[in-house]
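Below: the structure, in structure tokens.
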Amino acid sequence: MHASAADRAQSPAFTYLICAAAWLVPGGGHLWLGRLQKGLTFLIVLPLMFAVGLWLEGRVFPFEFSQPLVALAAFANLGIGLPYFLAKGLGIGAGDVIAITYEYGNAFLIVAGLLNMLVVIDAFDVAQGRK
């Protein structure tokens with residue numbers, strides 16, 4: 001017997017899976033929930049924003065807890081999910097402090113991650129039937 005959409009919306013396991021998908025693949029949670037326009041928009045725009053940050057010589061910050069602002073920037077970078085791990089795995093995102101675009105790149109990288117965190121919260125609300 002298949003669970004109805006209302007039953008799934010109340011299932012904590014389903015909600016957590018949606019949130020994990022939404023974090024790992026920007027827009028993935030919305031796509032899974034059938035919100036195609038929103039999901040495709042997030043899937044294209046957020047990784048593109050992250051890529052622009054890398055192109056502008058921004059830094060994917062390391063988790064250095066001795067420097068709280070660097071650690072917060074690293075947490076924000078992690079918010080984009082899979083693109084973060086791809087950048088780390090490929091060794092890109094070291095940043096170039098003397099590049100004129102460095103701070104702009106950092107802003108794009110950080111904001112892309114923070115926006116994806118908001119997208120995860122939105123997917124959570126949709127999965128809970130609040131939207």
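The values are calculated or read from the model by the stated rules, or taken from the named source; none is laboratory data. As the structure is a computational prediction, the values presented were derived from the model and not from experiment. We place every Cβ from the backbone using ideal geometry, glycine too, and count neighbours over all the protein chains shown.
Structure above, values below:
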item	result
Scan of the stretch 100-131 for residues that are modelled with pLDDT of 95 or more and outside any helix (DSSP H, G or I), ordered by number	I100, T101
Selected residue [buried (at least 17 other Cβ atoms within 10 Å of the Cβ), small (G, A, S) and touching a residue at least 60 places away in the same chain (Cβ under 8 Å)] from A76, A127	A127
Within the stretch 7-57, tally of residues that are at positive phi and over 12 Å from the mean Cα position of the chain (by Cα)	2
Lone qualifier among L54, L36, L48 - being farther than 19 Å from I92 by Cβ and either buried (at least 18 other Cβ atoms within 10 Å of the Cβ) or not polar (S, T, N, Q) (or both)	L36
Failed item in (1) surrounded by fewer than 22 Cβ atoms within 10 Å (Cβ to Cβ); (2) assigned to a helix (DSSP H, G or I); (3) in contact (Cβ under 8 Å) with a residue 12 or more places away in the chain, with I92 passing the rest	(2)
